[in-house]
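Notes to accompany the following structure.
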Amino acid sequence: MNKLEPTWWFVFHNDQVLLEKKEGSFTIPCTPEAPIALNGHTVHNLATLNGYACKTVTTDNSVEENEKFIMVDLRGSYDYIPPSQFNMAGKAREILYWDRTSTYCPVCGVQTQQFMPIAKKCPECGYEMFPNISAAILALVRKEDSILLVRARNFRGPFYGLVAGFLETGETLEECVKREVMEETGLTVDNITYFGNQPWPFPSGLMVGFIADYVSGEINLQDEELSEAAFYTRDNLPELPRKLSLARKMIDWWVNETTKI
Ligand SMILES: [Zn+2]
């Protein structure tokens, strides 16, 4: 490989990613050499972006904002960099998270060894470790001309979103939708159809979105998870999730569908 070939460097300190200031905007650094000192941490190969290799690495210290660089948290970076760079930064964050949480074999406690870009093996018992992806559902529940929106206690900010929850073992995604809507709001839903999905690197997930129709029940909140839930019509929507989320894409889709009717 040509040594002078530029490389995209996804450099993280905890949840913060390094951005380079360039001509009045921001970018993931794309340089032949690492943009800052790397402290000897393992450099992971990711994929290619616009024809150049992508690498990711952790640094011990945050980089103070200066003329050339700034560090922002991964979620916030959505507002700074193009979607293709943001998506790759998410993948990078998932790989680094996996690397940090797979140092020792969970079966016998021996230090693991990486033998492929995303595979480690225990030299003692042979147990193999790959990045674990946690699947979670999002449910857009329709009732006549309104949709169910909820405020989860763990939401960052004053917005309302969709019912969401992690898939359990032995469960189909559709069963998960029914269970989560019932557990969180006491409502029965049916007519569940797939909408789309989105990697969700906080820290290592996949959101899978479904549209469902209300069947029966009164809203009965699960207090530990939700602080509010109600049906909202299109002209009475509360503050919505940010554009980066699949939930927002689903709500926008519904708003546009409703407008057409
Ligand atoms: Zn082992």
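For residues that are closer than 29 Å to Glu94 by Cα and open to solvent by less than 60 Å² (accessible area, probe 1.4 Å), tally how many sit in the stretch 203-231.
Looking only at that region, the number is 10.
Pull up the stretch 107-158, narrow it to residues that are under 23 Å from the mean Cα position of the chain (by Cα), open to solvent by 70 Å² or more (accessible area, probe 1.4 Å) and away from the ligand (no atom under 16 Å from the Cβ), then point me to the one that is nearest to Glu228 (Cα to Cα).
Arg153
For Thr59, only one of the following conditions fails: (1) closer than 28 Å to Gln198 by Cβ; (2) of a type in the set (S, T, N, Q); (3) at pLDDT below 95; (4) open to solvent by 30 Å² or more (accessible area, probe 1.4 Å). What is its number?
(4)
Suppose the filter is surrounded by 11 or more Cβ atoms within 10 Å (Cβ to Cβ), assigned by TED's automatic domain parsing to the domain that holds Thr59 and closer than 11 Å to Thr59 by Cα; does His44 pass it?
Against the criterion (surrounded by 11 or more Cβ atoms within 10 Å (Cβ to Cβ), assigned by TED's automatic domain parsing to the domain that holds Thr59 and closer than 11 Å to Thr59 by Cα), His44 does not qualify.
Could you give every pair whose Cβ atoms fall below 8 Å, whose first residue belongs to the stretch 98-116 and is more than 12 Å from Tyr127 (Cα to Cα), and whose second residue is more than 8 Å from the ligand (Cβ to nearest atom) and open to solvent by 100 Å² or more (accessible area, probe 1.4 Å), counting only separations of at least 6 or pairs across chains?
Correct list of pairs: Trp98/Asn132; Thr103/Gln111.
Taking the residues in the stretch 232-242 that are part of a loop (DSSP other than H, G, I, E, B) and open to solvent by 40 Å² or more (accessible area, probe 1.4 Å) as candidates, determine which candidate is modelled with the lowest pLDDT.
Arg242
Do any residues in the stretch 120-138 that are in contact (Cβ under 8 Å) with a residue 60 or more places away in the chain and in a strand (DSSP E or B) have Cβ atoms under 7 Å from those of residues that are open to solvent by 40 Å² or more (accessible area, probe 1.4 Å) and away from the ligand (no atom under 15 Å from the Cβ), where the two are at least six apart or on different chains, and which pairs are they?
Ser134/Phe166; Ala135/Leu167; Ala135/Leu206; Ala136/Phe166; Ala136/Leu167; Ile137/Leu167; Ile137/Leu173
Which ones in the stretch 183-202 are open to solvent by 50 Å² or more (accessible area, probe 1.4 Å) and over 21 Å from Trp254 (Cβ atoms)?
Glu183, Pro199, Phe202
Let me spell it out: the conditions are (1) in contact (Cβ under 8 Å) with a residue 60 or more places away in the chain; (2) open to solvent by 30 Å² or more (accessible area, probe 1.4 Å); (3) among the hydrophobic types (A, V, I, L, M, F, W, C), and Val17 meets all of them except one. Which number is the exception?
Here Val17 meets the rest and fails (2).
The values are calculated or read from the model by the stated rules, or taken from the named source; none is laboratory data. This structure is a prediction, so every number in the text was calculated from the model and none was measured. Ideal geometry is used to build each Cβ from the backbone, glycine not excepted, and the neighbour counts take in all protein chains shown. Note: accessible area is taken over every heavy atom of the protein model, side chains too, but ligands, DNA and RNA are not part of it. Shrake-Rupley method; radii C 1.70, N 1.55, O 1.52, S 1.80 Å.
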